[in-house]
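In what follows, a structure is listed as structure tokens, so that the remarks can point back to it.
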Amino acid sequence: MVAASGVVSLSTLTVTAQPAPAAPPAAPTPAAPPVAKPAAPPAPAAAPKAADKPQEVARGATPPKGETAAPSGNPPRPGENPLPPSGPPAAVPEAPTTAAPGAAVAAPADATATAAPVDPNAPVDPNAVPPPDPQSIADDLQGLRTDVENFKFQWQRERDIHTAITTRALTIGGTVQARFGFSDQAVSTPVIYRRKTSFDVPLAVLNFNGNLYKDYEDGRNLSYQLSFGVSQQTNTNNSFLNLLNAAVTYSVLPTTSPEYPTLTISVGQQLLPFGLEVPASEELKPVIRNAQFTLAPRAINGGYPYISGLNLGRRDVGAIVRGDLFVNVDYGYNYRQALIAYAIGVVNGAGPNTLDENNNKDILARVAFTVPSDYNSWLRQITLGGSAYIGKQNLYSSDAARTLQGKGVRNRFGGDIYYNHWPFGLTYEYIRGKDAITPGPAENPGRKNVESDSHVGTFFLSFGEQFVSGFRNQGRYDDWWPKTYQPFLRYDRLNPDLDAKGDRSVVSEVFTAGLNIFFAETTKFQLNYNHIKNRFNTDKPEPNPRAVVQKREANEVLAQVQFGF
């Protein structure tokens, strides 16, 4: 066995192990009593190292210079094994460890050093802050992190769904219609053979709206409207993407309060402010078929020979001023109604997506008067309106060459009544037209003026909750939306030539019975039955033997789903 003698080095404060001569085993030598250390605090206990570890750097407290660490506790009697002192259990001392010369070994620490005793009878300060619980703090931090992550996810989701990343404020929307039609009158053309049923998509519109300039002080904003798609109001049947609306609108008067009158100027391609049905956008019209007077001359709508219309349902390019005066606002019902609404504009008159065909500009104007009344009065929303359109159009010969024959008048005048008081509604329009025509060939065109008129009346009844503000303001979960059912009746009559009498009379009448079901905020189902009566001058023989001459009367059923986004 190798014993070790300890030598204290004042410079390095380490204990160096030196070899000693071998000796027979002897009884344990009593340990030296503890050295008094009045100034140094007790050092934490260091666990003795196992004998199989030859050397290790001390990890306990290093004794002060000039002192050696002494073992603690009472020395054992001769012949007895050392026992741990009373109190907390201490580590059992291990056999001395052999260390290499010059290596530092750990000094034994004072294992009896304990914390200051706590008096259980000491008074407790009621105002003292209890010590924090580490587990509670960790739980709170984890909950805060979870809430922040949830907020980030929800914010990003709302931004992705409702916000388009662009350099300007932008709102994207649209309307799509899917239709099925049946008729008891077969339609035949050089490319269609006896068609009675068909699916089609008569309308698909994509809208872009936004602000080019936002005036936060007075609300004199500069906004824009852009829309593409196919529509019944365009004069084309091709499948290309057509430009419908493209206009910039500036608010001349402040719009920061609903009590202020409005005045806007719109420049570009847009609908015409004439009557009730012409300025209404596609998704707001109650019936599937447009009124006959809105159709273009010699138009064939859905395969049926509707007589030439007055071509008012088109879009045109120009500048239009719109506004209202003497505004009445009921904040309790969120209701705003102006006593007088007006519009006046100047357009090319040639239709959409084209230049003017002559040097004349067409002028149009409209004014509407609404009966002043309280919101709960039965007189609410009784509106009387008048419209005028004065312009020029190019005239062409009736032969195949279609030779230009100069210009002629194209005037339209109309009056309308609108009443919509839940659950009843009534609209009526009367239109009078005057057009110059050249019915003869180029050698003898025979210029003359033809007058026409049209009557359109609609009566509807609504029952349900969608248009009741109390239901609309409720929280809607799982895409819930109050439903409304709207049956209606409509009469549409067009006489394109008032001078034609008797057998020369040319009149077209359409009787419509329908039902609209509004089962979502922007979605509705429409079902229409149309009975069409045409009175022509004569039934001319059809030169094409495969074609079928159109009858004087026809019946059709239309079912349509319309949704917006």
*Any idea of the accessible area per residue across the range 123-220, 1.4 Å probe, to the nearest Å²?*
77 Å²
*asked:* Longer than 20 Å from Cα to Cα, which of 196/285; 392/434; 361/434 are they? Say none if no pair is.
replied: 196/285
*May I ask you to list the chymotrypsin sites (Phe, Trp or Tyr not before Pro) in the range 176-276 that are in a DSSP loop and have at most 15 other Cβ atoms within 10 Å of their Cβ?*
216, 240
*Could you provide, to the nearest whole Å², the per residue accessible area of the range 252-409 with probe 1.4 Å?*
46 Å²
_Farthest positive-ward along the range 284-396 dipole, Cα basis, beta-carbon charges - from 337, 291, 376_ = 291
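The values are calculated or read from the model by the stated rules, or taken from the named source; none is laboratory data. What you see is a predicted model; the values in this text were computed from it and never measured. In this analysis, Cβ positions are derived from the backbone assuming ideal geometry, glycine residues included, and neighbour counts consider all displayed protein chains. We work out accessible area using only protein heavy atoms, side chains counted, and drop any ligands, DNA or RNA first. Shrake-Rupley method; radii C 1.70, N 1.55, O 1.52, S 1.80 Å.
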